Amino acid sequence: MPEETGAARRGEKSRAVYALRRLIAPVLDIVLPHSCLACGAIVDAAGVLCPACWEGIELIGPPCCDACGLPFEYDAGSGAVCGACAKHPPPFGQARAPMLYSAASRRLVLSFKHGDRTYAAPAYAKWMVRAGADLIDNADLLVPVPLHWTRLFARRYNQAALLSREIGKLSRLPVDATTLVRHRRTRTQGVMGRSARHKNVAGAFSISARGAQKVARRRVLLVDDVMTTGATVSTCTKVLIRAGAISVDVLTLARVPAPSG
Ligand SMILES: [Zn+2]
Ligand SMILES: [Zn+2]
């Protein structure tokens, strides 16, 4: 049959192209220009930002709040926590992020979240592994903050799950992206204050009785793109602890400098 022959030929051709691509990938890596992780501009190396996108990125280093990772201007001693954590102790153990969520990093995070720049995940994961080295040492399992299925359908990918997968490859920790579920769609939290955010996400996440077996007696490292007031990760932490997790720490790509409220 001529049609079958045509389809078979096309299949053979695409297999041949795929094999050729695999063979010459290292060469392509040298010949083709690399793209900036955030804006797509041409840069010298893979996995970096262009100078314009680097400008204004504020990396987080010690000293910082022992609980939420908020950077301190001076060293307040080991175990010191910020005012917000002293007032409302978070349910999670420690939260860490490689950079502050600023106007500059916002562009980077949004292009990753909504702009299909999924190729940036391995580089961002490397930054996160560096910032969260202690947390990774103390974890048994990576769990991404889930999206509601309608959002996942619209976006086609969960940025937190992509980061978890890459962190898992670097740290050799297993990833569980199915046990924790966002069963209620929450409103976008952009302009909400602390208590509105907590109300918005209260009861939005759950774990089935069967899923609980996967997190029970495990030290969980929860992964997300941005920590704002900590409302989302706190709600997820409580659900994981109720399901039997021993402890929950939080690793995000960026965090808001000083949570309001
Ligand atoms: Zn750029
Ligand atoms: Zn704090």
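Rule-based calculations on the coordinates, nothing more; no lab input. Keep in mind that what you see is a predicted model, and the values were worked out from it rather than measured. Because the Cβ atoms are built from the backbone with ideal geometry, glycine has one as well, and the counts that use them run over all protein chains shown.
Can you tally the net charge around G230? Count Lys and Arg as +1, Asp and Glu as -1, for every other residue whose Cβ sits under 9 Å from the Cβ of G230.
Net of charged neighbours comes to +3.
Through the Karplus equation 6.51 cos²θ - 1.76 cosθ + 1.60, θ set to phi - 60°, convert the phi angles of the range 54-62 into ³J(HN,Hα) values in whole Hz; use x for Gly and Pro.
5, 4, x, 6, 10, 7, 9, x, x
For a quick protection proxy, order the peptides 241-247, 96-102 by their average other-Cβ count within 10 Å, most packed first.
Ranked from most to least packed, the peptides come out as 96-102, 241-247.
Could you sort the peptides 154-161, 143-150 by per-residue average Cβ neighbour count (10 Å cutoff), highest mean leading?
In descending order of packing, they fall as 143-150, 154-161.
Quick one: how many lysine pairs in the chain have C-alpha atoms under 20 angstrom apart, if they're 8 or more apart or on different chains?
Lysine pair count for the chain: 7.
Cα gyration tensor of the range 51-255, axes a ≥ b ≥ c as square roots of the eigenvalues: rounded (a/c below 1.5), prolate (a/b > b/c) or oblate?
Rounded is the answer for the range 51-255, as its axis ratio a/c remains below 1.5.
With both bridge residues required to lie in the range 51-255, what share of the DSSP beta bridges run antiparallel, to the nearest 5%?
Looking only at bridges with both residues in the range 51-255, the antiparallel portion is about 25 percent.
Relative contact order for the chain: what percent, with Cα pairs under 8 Å and sequence separation of 6 or more? Don't jump to the answer; show the numbers that get you there.
Details: 446 pairs, mean separation 50.7, N = 261.
Across the chain, relative contact order equals 19 percent.
Please determine, in degrees from 0 to 90 and to the nearest 10, the orientation of helix 159-171 with respect to the longest principal axis defined by the Cα atoms of the chain, where the helix direction is its Cα long axis.
Its long axis makes an angle of about 90 degrees.
Of V81, A123, A231, which is farthest towards the positive pole of the chain's charge dipole, taken about the Cα centre with +1 and -1 on the beta-carbons of Lys, Arg and Asp, Glu respectively?
Highest projection toward the positive end goes to A231.
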